[in-house]
Amino acid sequence: MARFHVYRLKQSRILALDLQSDLLERLSTRMMAPLLRAEEVSMPMARLNPQFTIAREPYIMATQLMAAISLTEIGELVTDLSPHGDQITAATDFLFQGF
């Protein structure tokens with residue numbers, strides 16, 4: 001598992017973005033935010049819900065829905081969003097700090 005990588009959750013079609021520091025790799029969970037298809041999100045907030053293109057489809061990071069996911073529930077790697085790390089970190093900062 002790696003921070004800012006997107007994985008498909010097992011037993012579902014949900015894509016989840018790994019937000020957890022790689023320094024905490026020994027934990028049995030990863031803190032992840034779901035990535036929702038843009039058409040499923042009615043009013044995203046630009047700073048809280050950044051948009052990314054994955055397989056030519058627009059996805060919205062649902063930062064406010066982040067949760068700890070068991071490693072046993074995390075499936076295949078889909079893509080790496082590391083180039084967008086600053087934008088992703090800004091979204092989590094906005095959620096927790098309000099700026």
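Each reported figure results from applying straightforward, stated rules to the coordinates on display, with no laboratory input. Treat the numbers as computed from the prediction; the structure is a model and nothing was measured. Counting neighbours? That spans all protein chains shown, and the Cβs are built from the backbone with ideal geometry, glycine included.
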Check: What's the FRET efficiency of Ala67 with Ala46 using the Cβ-Cβ distance as r and R₀ = 22 Å, to the nearest 0.05?
Finding: 0.45
Next item on the list: Mind giving me the nanometre distance, one decimal, between the label points for Ala38 and Ala2, set 7 Å out from Cα along Cα→Cβ?
Entry: 2.6
Check: Top mean-square fluctuation among Leu24, Leu48, Leu71, Gaussian network model of the chain, C-alpha springs under 10 Å?
Finding: Leu24
Next item on the list: Enumerate the residues in the stretch 60-96 having an amide nitrogen under 17 Å from the point lying 7 Å beyond the Cα of Ile14 toward its Cβ.
Entry: 60-78
Margin query: Using helices alone, I'd like the mean residue ellipticity at 222 nm for the chain: each DSSP H run of four-plus residues gives -39500 (n - 2.57), total over residue count, nearest 500.
Written below: -4000 deg cm²/dmol
Notebook entry, point to check: Once you charge only the Cβ atoms, +1 for Lys and Arg and -1 for Asp and Glu, what is the size of the charge dipole of the chain about its Cα centre, to the nearest 20 debye?
Noted result: 160
